[in-house]
1. I need the peptides 151-161, 192-202, 109-119 ranked by packing, meaning the mean over residues of other C-beta atoms within 10 angstrom, with the highest value on top.
2. Highest mean first, how do 170-177, 98-105 rank when packing is the count of other Cβ atoms within 10 Å averaged over residues?
3. For an R0 of 30 angstrom, estimate the FRET efficiency from the Cβ-Cβ distance between residue 98 and residue 207 and round to the nearest 0.05.
4. Could you calculate, for the stretch 1-40, the ratio of the Cα radius of gyration to the Kirkwood radius, expressed as Rg to Rh?
5. Given the DSSP H assignment, sum -39500 (n - 2.57) over each helix run of at least 4 residues in the chain and divide by its residue total; what's the result at 222 nm in deg cm²/dmol, nearest 500?
6. Do me a favour and compute the ellipsoid semi-axes for the stretch 88-217 from its Cα gyration tensor, root of five times each eigenvalue, largest one first, whole Å.
7. How high is the relative contact order of the stretch 2-216, given as a whole-number percent (alpha carbon pairs under 8 Å, six or more residues apart)?
8. Tell me, how many Å apart are the Cα centres for the stretch 54-99 and for the stretch 133-180?
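Derivation of every value follows stated rules applied to the coordinates shown; laboratory data play no part. Nothing here was measured: the structure is a model prediction, and the numbers come from that model. Using ideal geometry, Cβ is built from the backbone for each residue, glycine included, and neighbour counts are taken over all protein chains shown.
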């Protein structure tokens, strides 16, 4: 016998000032592409607990998705804000021009630094994992057997994958998590212990529609 809790992790929509590192800067999302939000809404369970981080861009993205759901399927409560799900705090790196930042450092293929490197005045990716892990455990227990939609950040989702798959933090950084993409993770509680099952990573339902149109066009 197993008891399943389904997590639907969604990265927030793109931000307007992409040229600068934002981290935990509270910048706005661009939520004007209703086709994207309509495709996401069609993929999500009809009755779910909704969560966001405490940063505006995740709240705005969740609101945009919910607006594209049928009225009878929209959540009865506003999404709960979970501060532990905020993006990695990048300290003094926040606000810097990305191109100049990377030019001044060794090339890094996946992230702003290695998993153990702590941004001056901020966090390392290891710190982010340590912050996210207990919140996932608490909420999985609190909403056991439910669907949970969590609109959060790329770093948060990478941290979740490190926890679920028991990956080294540096390996978890290699995942690609695009804006508005869906990552599905199911928690299975069985007689033999607790397990995670990953259904999909970086799923972009609106892209599938476009690909099918090109095939049949």
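1. Final packing ranking: 151-161, 109-119, 192-202.
2. Final packing ranking: 170-177, 98-105.
3. Step by step, r from the Cβ atoms, then E = 0.80.
4. That ratio equals 1.17.
5. -10000 deg cm²/dmol
6. Value: 28, 24, 12 Å, ordered largest first.
7. This gives 32 percent for the stretch 2-216.
8. 15 Å
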